[in-house]
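The values are calculated or read from the model by the stated rules, or taken from the named source; none is laboratory data. Source: prediction; values computed, not measured. Cβ coordinates were reconstructed from backbone atoms using ideal geometry, including for glycine residues, and neighbour counts include every protein chain displayed.
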Amino acid sequence: KLNAMGLVSLEYRASNGTELTVGLIPEAMFLGGSETNPVNGAVYNPNIPSEEVYITPRAGEAEGIVYATRPLAYRGQLIDGFWLRFAHGCVVACGAGRNEEALRALLDMDEGSRMLGECALVPYDSPIRNSGVMFYNTLFDENAACHLALGRGYTSNIRNYGSYSLDELRAMGVNDSMVHEDFMIGCAD
């Protein structure tokens, strides 16, 4: 249903101050759950459990501010109470109540680490959130809330991605980075 809507952007608004608009790549599609290997046609589940549907946003098209709603376990440190301000698609300011230096190190990894590589929608009533457990592993913790990822975008979210070169995918707006770090932004409203 989401792919049939022809969305050009996602808008995030919450009472915690989040007001963020993220542009989408016209050729991008929402995925969730299973994927199909384009080489041999095998169906597989790369991320279990998976409560999300996700899309690759257009690099350079994010405006506004977003507040994390759950801590981020990153390189053995817990970054908590953090926010990011985007302008022209890049993080231009940030802050954190805990381990801001780790957040800044993530943002300074490379040119693409300040841009978004994923937008994921997760129901507020997710089993992971309802468990109240923090796993300190993003592949599990990301299923607790809607989330965004800083860094590398997924090429597999582009329709017929196997028919494009990596340079063509980057030209479409798939972000390039050596990192891909999910952080949770979903809350009740």
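Those residues that are over 14 Å from Y54 (Cβ atoms) and either of a type outside the set (A, V, I, L, M, F, W, C) or within 10 Å of the chain's Cα centre (by Cα) (or both), I need them from segment 152-174; list them, please.
R159, N160, Y161, G162, S163, Y164, S165, D167, E168, R170, G173
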Applying the selection to segment 1-12, what residues are free of Cβ contacts under 8 Å to residues at least 40 places away in the same chain and either in a strand (DSSP E or B) or surrounded by 12 or more Cβ atoms within 10 Å (Cβ to Cβ) (or both)? N3, L7, E11
Per-region count, segment 67-118, residues small (G, A, S) and in a strand (DSSP E or B): 5
Taking segment 130-169, which residues are part of a helix (DSSP H, G or I), in contact (Cβ under 8 Å) with a residue 60 or more places away in the chain and either among the acidic types (D, E) or surrounded by 13 or more Cβ atoms within 10 Å (Cβ to Cβ) (or both)? T138, L139, F140, D141, E142, N143, A144, T155, S156, N157, Y161
Residues satisfying the stated conditions in segment 118-147, i.e. under 12 Å from F183 (Cβ atoms) and either β-branched (V, I, T) or out of contact with any Cys (no Cβ under 9 Å at 6 or more places or on another chain) (or both): E118, T138, D141, E142, A144
Exactly one of E27, E51, E63 is under 20 Å from I128 (Cβ atoms), surrounded by 12 or more Cβ atoms within 10 Å (Cβ to Cβ) and among the charged types (D, E, K, R), and that residue is E51
Contact list, first residue from segment 25-48 and within 21 Å of G117 (Cα to Cα), second anywhere and modelled with pLDDT of 80 or more and of a type in the set (D, E), beta-carbon distance below 8 Å, six or more apart or interchain, is G32/E52
